[in-house]
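Below is one structure; the comments refer to it alone.
The values are calculated or read from the model by the stated rules, or taken from the named source; none is laboratory data. Remember, it's a predicted structure, so these values are computed and weren't measured experimentally. Virtual Cβ from ideal backbone geometry, glycine too; neighbours counted across all protein chains shown. Surface accessibility is based on the protein's heavy atoms, side chains included, excluding ligands, DNA and RNA. Shrake-Rupley method; radii C 1.70, N 1.55, O 1.52, S 1.80 Å.
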Amino acid sequence: MSGETSSSTRISKRFADLRASGELGIVAYITAGDPSLDATLQFVLALAEAGADVIELGVPFSDPLADGPTIQRASERALKSGTTLVGVLDLVRSIHQSSPPANEVPLILFSYYNPILQMGLEKFASAAASVGADGVLATDLTPEESVDYRRILTAQHLDTIFLGAPTSTDERLAKIAACSSGFLYLISRTGVTGAKDALPDDLPSLLRRARAVTHLPIAVGFGISLPGHVSLLGGLADAAVIGSALVSEIEKASSIAAAASALAAKIRPLKEAARHGLSRREVAP
Amino acid sequence: MSSILQSATTAPGRFGPYGGRYVPETLMVPLFELERAYEEAKSDPKFQAQLQDLLKNFAGRPTPLQFASRLTEKLGGLRIYLKREDLLHTGAHKINNAIGQGLLAKKMGKPRIVAETGAGQHGVASATVAAHLGLDCVVYMGTEDMARQALNVSRMRMLGAQVVGVDSGSRTLKDAINEAMRDWVTNVRSTHYLLGSVLGAHPYPTMVRDFQSVIGREAREQILAAEKRLPTHLFACVGGGSNAIGLFHQFLRDAEVKMIGIEAGGRGGQLGEHAARLAAHQGFTGARPGVLQGTYTYVLQNEDGQIAATHSISAGLDYPAIGPEHAWLADQHRAEYSAVSDQAALDAARLLSRTEGIIPALESAHAIAGLIERIPKMSKADLVILNLSGRGDKDMDTYSRLL
């Protein structure tokens, strides 16, 4: 079993608090720089105010092959506005220098591997740590290719979060969990990111398989957009990740202020669902 | 040269530092399954018999190694042989790999294949093999490429494949690969991704090379029979690099055989104007090692690690990364890489058409242009094999505008 060592990162503390209150966490993903980094700062403040427990900042990439159309378009908008990894790190610093609750929300950088690699692993890790990022998830990086990455990020006390998938065997889930810190991110379905109507039928068995190999908190993402999804995850998972559903609110909004309100309005009922109903079931173990 | 061959096997799927497996987790177990199925197939007599039968009776192997007598004369007398992959069924070397992977898909019980295509030759080969083996086939193709290779779009549809236009990014091969990977990751339990070049995550670069290395095995025997000696130079165009590695691989141990890969120099050296990943020595800028679409290799990119736009008149060479084994061969100075311009390729296509009666694909025309540009540095005693990887029917729109 992995994840047994006590950790004092802000991510671990946040999940411990959620578990203690029997509450499902809400992890909010938005693409940094969509439509500008200044706007993203406003969005993060609004998301935190509305109750997001953890925030993932997507680093835009020219070739987002794990993403569906919604986040692809967000990446294009972000790159068009001149967003770079350096810019996203500056944004993290600004969030840290803001006021509660935004400066208390754990921040995860969600990137494809190449931008990180081009900055250089050492330089990236020390920069990310110094601006106050809490964890990093690289979509196209698996345990096998990440030995240096994990060593260098861990040395800077950054959590390394890896993805588990429905196609992962039990043995792989154990390996992925052993390489992860903070939490394990389970992909709910085979496919790319994007909002869907229903959760897949085999999700409970995937969660059981993951629980059997780790004590790490488990967040479930890909396809989650509705309070009903969040209610179903209560008692099964520790957190739900909402991404494309938020990004499409930004896309639809007529102004930055309108987008910020729409994001808050999207998060509030999800957080309500996470606090009540089925979600109140005790989370194993 | 044995060190090159050995280091290629030190870590699975690594060519020196290049290669590897950089994919979303969902694809890892399917890649392991593919690797296992491929390893089994290598020593499975039934699979090998099917493969040989289809290569011979369906695709038309072996292909001739033709002495190009008038081209030889025109270029000053050093002897030039053409490996006539353009004579294969569907018109290019791509069918060699499509047959191999199509049989693997059957063996793995996957009823559906997806493929990407740039020039359309791999898409046509995939659609052809899918029809022949009774598999469903979806081909992703950039809309820019669909316009410039319209004939191949019709061929794929005639063969029953669904051709899906990709409108994102530069609307070329790179974007078609992104979309094929998105389909694969979604339908991975029923679908095999029939990747068309020595790109992507392990085992693709190794497996596709193996399926294409029939080119070099035949060529080596044929040149020894015809000339009683090994060639001094091999020429091939390099997009992802499957026809080049297919020719080169059987000659890697022959240290005296020089291998030259020709990239697309497009309109010039500035990033965005070319697709030359290993020709920095000629002033083609923007290539650095990085990760794209599953593999670590030389990639055309900006300072921030965003993948650059590319340009080539040839859809099949218009791609920002190069197969990882080529990156390694270049680092080791075992193969040389240089780029020729759009215009040089067009001129070469016209020259070959009029001296040999062969209209080459625009991709293969780059190899001819590369040979022409190197002639001043060569001697009359040199002996060349040039891989004529495909025929030019698909490029007639482009060519006819020049006449």
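A few remarks follow.
- Matching residues in segment A:130-140 - criterion: being open to solvent by 10 Å² or more (accessible area, probe 1.4 Å) and within 9 Å of chain B (Cβ to nearest Cβ): A:Asp140
- Matching entry among A:Ala127, A:Ala78, A:Ala102 (being modelled with pLDDT of 95 or more, touching a Ser or Thr at 6+ places or on another chain (Cβ under 7 Å) and more than 10 Å from every other protein chain (Cβ to nearest Cβ)): A:Ala78
- For segment B:277-308, the tally of residues that are among the aliphatic types (A, V, I, L, M) and touching a Lys or Arg at 6+ places or on another chain (Cβ under 9 Å) stands at 5.
- Whether a residue is within 30 Å of A:Glu144 (Cα to Cα) and either out of contact with any Leu (no Cβ under 8 Å at 6 or more places or on another chain) or more than 12 Å from chain A (Cβ to nearest Cβ) (or both) was assessed, and B:Arg267 does not pass this test.
- Failed criterion for A:Ser168 (all others in (1) free of Cβ contacts under 8 Å to residues at least 24 places away in the same chain; (2) more than 10 Å from chain B (Cβ to nearest Cβ) hold): (2)
- Qualifying residue in segment B:11-25 (condition: over 29 Å from B:Gln332 (Cα atoms) and either more than 14 Å from chain A (Cβ to nearest Cβ) or not hydrophobic (A, V, I, L, M, F, W, C) (or both)): yes
- Candidate set from segment B:147-179 (those that are more than 9 Å from chain A (Cβ to nearest Cβ) and closer than 18 Å to B:Ala321 by Cα); member that is surrounded by the most Cβ atoms within 10 Å (Cβ to Cβ): B:Leu173
- The set of residues in segment B:289-300 being at the interface with chain A (Cβ under 9 Å from one of its Cβ atoms) and buried (at least 24 other Cβ atoms within 10 Å of the Cβ) consists of B:Val291, B:Leu292, B:Gln293, B:Gly294, B:Tyr296, B:Val299.
- Matching option when the condition is in contact with a Leu (Cβ under 6 Å, 6 or more places away or on another chain) and farther than 22 Å from B:Gly241 by Cα, among B:Ala150, B:Ala115, B:Ala131: B:Ala131
- Output for segment B:201-216, where each listed residue is open to solvent by 10 Å² or more (accessible area, probe 1.4 Å) and within 12 Å of chain A (Cβ to nearest Cβ): B:His202
- Boolean, A:Asp63 is among the acidic types (Asp, Glu), crowded, with 20+ Cβ neighbours inside 10 Å, within 30 Å of B:Ala176 (Cα to Cα) and within 14 Å of chain B (Cβ to nearest Cβ): yes
- Selection count where residues are hydrophobic (A, V, I, L, M, F, W, C) and touching a residue at least 40 places away in the same chain (Cβ under 8 Å), scope segment B:140-150: 1
- Among (1) within 25 Å of B:Thr172 (Cβ to Cβ); (2) assigned to a loop (DSSP other than H, G, I, E, B), the one test that B:Ile113 misses: (2)
- Test result for A:Leu246, buried (at least 24 other Cβ atoms within 10 Å of the Cβ) and under 25 Å from A:Asp17 (Cβ atoms): yes
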